[in-house]
Amino acid sequence: MPDLAPDRERTVSLTHTEACSLLELGRISEAVAIGRQLRDWGWRSRYPAGRGYGLHIEALAAAAQGRTRRAAELLEAAVALTRGQDPCGMLPWQLAELAAAKATMGAHSVDRLLAEAEHAEDPVRHPRRASRLLAEAYALACLGQVEEARIRLVALADECLANDAPARRIDALTLLARLGVCHDVTGHGWDSPVTAVRVAHIRALVEPDPTELLVVSDGYAQLQHWHLAAELADAAVQASFRRGDTGGQRATARRDELLVECEAGPLPWWSG
């Protein structure tokens, strides 16, 4: 973590980036520790952006773990602070993540948040634009607007390819695969444990095999991505039933065990 120096804008930017990198490497506890340090520093130094960005990191970790209610609470607090002070342009992403968290929990009135997220983005400086667009597509899918989400994800994947952002492209293609459209990722090298599991996820959905789906589920569980692990276990249940074998009982038990760790239940596209 960078020194908490007098250059406050540089401090929050570097610290937020470091914590995001740790999340992308699957090192959730380390990212959370940095987020809390940033939040506490923001409080002590009377710098709201430090608190808002620190809360944002904690929220991203909670969302990754399937602790959606906690993520929404943290994001509400982060957005309130960042609206007043946003030196690095993170508000649009935070708003989109808040909409995604609420939609995951079944809320139907997130249009205002999505509209504000798009309006708030600086057309010249838009850090984490891909992350915002991914969160928006996820929210739309949770609201039942699956075809619109698919269209946006295809465009996002193309944008990431043009901008040489392979990890973000895999993120977009993974959500697209979860919504029933699998793209070829043959030959894609992975940059992190998280990306590796996402690539395996996409490949496992091309021709769903219960055993392989459970392997990917275990991969997510090792990263503490409990809700995604439960989603893959649910996919293994459905694959078992389609094959007419008895493996569905074990997969069902695994799915239900994983959901205990989460604050959200099955999503609209599960078991479909």
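Listing for the model above:
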item: Total residues in region 44-103, condition open to solvent by 10 Å² or more (accessible area, probe 1.4 Å) and more than 19 Å from the chain's Cα centre (by Cα); result: 14
item: Wholly within region 156-272, helices (runs of 4 or more DSSP H) carrying at least 3 residues that are more than 20 Å from the chain's Cα centre (by Cα) and at pLDDT below 95; result: 226-243, 248-259
item: Every pair of residues 6+ apart whose Cβ atoms lie under 6 Å, when the first sits in region 28-41 and is closer than 12 Å to His56 by Cβ while the second is open to solvent by 70 Å² or more (accessible area, probe 1.4 Å); result: Ile34/Met1
item: Cβ-Cβ under 8 Å pairs, at least 6 apart or on other chains, region 137-154 side at positive phi, far side open to solvent by 60 Å² or more (accessible area, probe 1.4 Å) and in a helix (DSSP H, G or I); result: none
item: Single residue of Val146, Val154 found to be closer than 25 Å to Gly66 by Cβ, out of contact with any His (no Cβ under 8 Å at 6 or more places or on another chain) and open to solvent by 20 Å² or more (accessible area, probe 1.4 Å); result: Val146
item: Top-ranked residue in region 25-43 [being under 16 Å from the mean Cα position of the chain (by Cα) and open to solvent by less than 60 Å² (accessible area, probe 1.4 Å); ranked as nearest to Thr195 (Cα to Cα)]; result: Gly26
item: Residue list for region 104-121, filter: open to solvent by less than 70 Å² (accessible area, probe 1.4 Å) and not aliphatic (A, V, I, L, M); result: Thr104, Gly106, Glu116, Glu121
item: Residues that are open to solvent by 10 Å² or more (accessible area, probe 1.4 Å), more than 21 Å from Leu23 (Cα to Cα) and aliphatic (A, V, I, L, M), drawn from region 157-178; result: Leu161, Ala162
item: All positions within region 26-73 that are touching a Lys or Arg at 6+ places or on another chain (Cβ under 9 Å) and of a type in the set (Lys, Arg); result: Arg39, Arg51
item: For Glu231: the one exception among (1) under 25 Å from Glu73 (Cβ atoms); (2) open to solvent by 50 Å² or more (accessible area, probe 1.4 Å); result: (2)
item: Residue match in region 127-134 (condition: touching a Cys at 6+ places or on another chain (Cβ under 9 Å), open to solvent by 50 Å² or more (accessible area, probe 1.4 Å) and under 29 Å from Glu9 (Cβ atoms)); result: yes
item: All positions within region 33-54 that are part of a helix (DSSP H, G or I) and touching a Phe, Trp or Tyr at 6+ places or on another chain (Cβ under 9 Å); result: Gly35, Leu38, Arg39, Trp41, Gly42, Gly50, Arg51, Gly54
item: Ala77 being over 18 Å from Leu134 (Cβ atoms), of a type outside the set (Asp, Glu), touching a helix residue (DSSP H, G or I) at 6+ places or on another chain (Cβ under 7 Å) and free of Cβ contacts under 8 Å to residues at least 40 places away in the same chain; result: yes
item: Residue within region 215-226 that is in contact with a Lys or Arg (Cβ under 9 Å, 6 or more places away or on another chain), touching a residue at least 60 places away in the same chain (Cβ under 8 Å) and not aliphatic (A, V, I, L, M) present; result: yes
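The values are calculated or read from the model by the stated rules, or taken from the named source; none is laboratory data. The structure displayed is predicted, hence computed values, not measured ones. Cβ sites come from the backbone with ideal geometry, for glycine too, and all protein chains shown count toward neighbours. Accessible surface areas use protein heavy atoms only, side chains included; no ligands, DNA or RNA. Shrake-Rupley method; radii C 1.70, N 1.55, O 1.52, S 1.80 Å.
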